[in-house]
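A quick write-up on the structure given underneath.
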Amino acid sequence: MKKFVSIFKNKEIVNRIFFTVMILFVIRIGAAITVPGVNAANLKSQLNASGSALAIMDLLGGGALSNFSIFALGVSPYITGQIIIQLLSKDVLPALTELSKQGEYGRKKIEMATRYLTLLLGAVQGYGIIKTMENSSYISLTLDANFWTYAYIVTILLAGAMLTMWLGDQITEKGIGNGISVIIFAGCVRSIPTQLSTAWTKWISNNVAHGSSEMIKGAFQFALYILAMVFIIGFVVFVELSKRKIPVQHAGKGGSSASMARASFLPIKINSAGVIPVIFASSILSAPSIIASFISADAANAGWLKIFNYNSTFTMPWFDGTHWEMNWGLFIYLFLIIAFTFFYAEMTIDPATLADNFQKNGSYIPGIRPGKETERYVGKVLNRVTFIGAAALCFISALPIVLVWTNVFGNDTSLAIGGTGLIIIVGVALEVNNQIDGLLAGKSFEQTQGGI
């Protein structure tokens, strides 16, 4: 409570929060405006029923895709472009690698390259989504299906994506938290009130007329559901905050002091990759259907594409002539999450660069020789920690899919808990909380200095 009072007494924080809320309000208005020339009356129900990777895009966009709104692409092209540029900057393209070492000037150039790539990816992704949904009868065009109509719709989607990206930059500069993350957070958190309302209706309201025994049973089920949700949220918070601390000592900086040795450490988060692996894995899963849509309507509706749908089973022949059902989509999805978790963790914490910096700065890990031995030690710890993080990420991502399979909630698939959205909500909430703590600490320091 004391923290809340401090927040509302701090004019800068209040202004930042108000600015962020206003930007999110603008985005919600845009998410409700359907692109002209498109009939998307049945899109929402069909998209939720399909359970394809497009459903994750809709989640990240806050339902903008299910309305086929002007913000339907959301920040997906920008996130994909940012990841690609980061990968290319790791000694793949020498020009980008050089720019990444040139401080603020290089950062601005790389950001400009990311925006150009976002335009290209957005155009390809926009056209692919239009054709995929059109071939699947999710949407229909009210205009003539010619080049100029598709160019018109793609241009609107691109404009919406670039505007969303600009609004995210404004939140980062003048609001609270990282703008892109906050926009995704707002899209994910909007489903929670609906989810709780559905659970209340299913287990409480619908049992009012069925006697006291059904009411007690329903109340128990609702309470159990809330406890399960709290447990899953607590588990995600635990994973996000967990880290492995490697002790580090510094030559000539109190290395002989036991207290200094304890105070200095290298933290390695269990989930250092965040939600990036999940987003990238879903993008890879949606790529085959988007590419097939460029070929023909028959290719877009081909049965083999079910392999990439983690909510659908795919019939496989058995050696004795029988057939068995296998959900390859889920296995591919989890494999991609694990692969990208390790890849992004290695990219974020490069053991070779870390060992080199330690040697240059006179820092060392007690009991470990500088150089190659330090690199191998950090790499081994990073792999072990990342394995735990990847396993946790797979569990959280697969939980709602498994709950839907087991028919725990009947036909109400929206009640499934866990998933990508929860990871994003917890991660961004912790990030915003840390920024607010920093602003409050800065204000407290200014007041202390003023009083001296």
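Every number in this text was worked out from the coordinates using simple rules, so none of it is lab data. The structure displayed is predicted, hence computed values, not measured ones. We place every Cβ from the backbone using ideal geometry, glycine too, and count neighbours over all the protein chains shown.
Observations
- Close amide H pairs (under 5 Å, H built 1.01 Å from N) link I246 with L266, I268, residues at least 5 positions away or on another chain.
- Checking the cross-link pairs K44/K131; K174/K269; K108/K360; K90/K372; K90/K245 against a 22 Å limit on the alpha carbon distance flags K174/K269; K108/K360; K90/K245 as lying beyond it.
- Calculated FRET efficiency for the pair V92/R115, C-beta based, R₀ 25 Å, to 0.05: 0.80
- Packing-based ranking of 197-204, 164-171 yields 164-171, 197-204, ordered from highest to lowest mean Cβ neighbour count within 10 Å.
- In terms of packing, defined here as the mean over residues of other Cβ atoms within 10 angstrom, the peptides 422-434, 345-357 line up highest first as 422-434, 345-357.
- Close amide-amide hydrogen proximity is noted between V38 and T142, each under 5 Å apart and 5 or more residues distant or on a separate chain (H modeled in the peptide plane; Pro and chain starts excluded).
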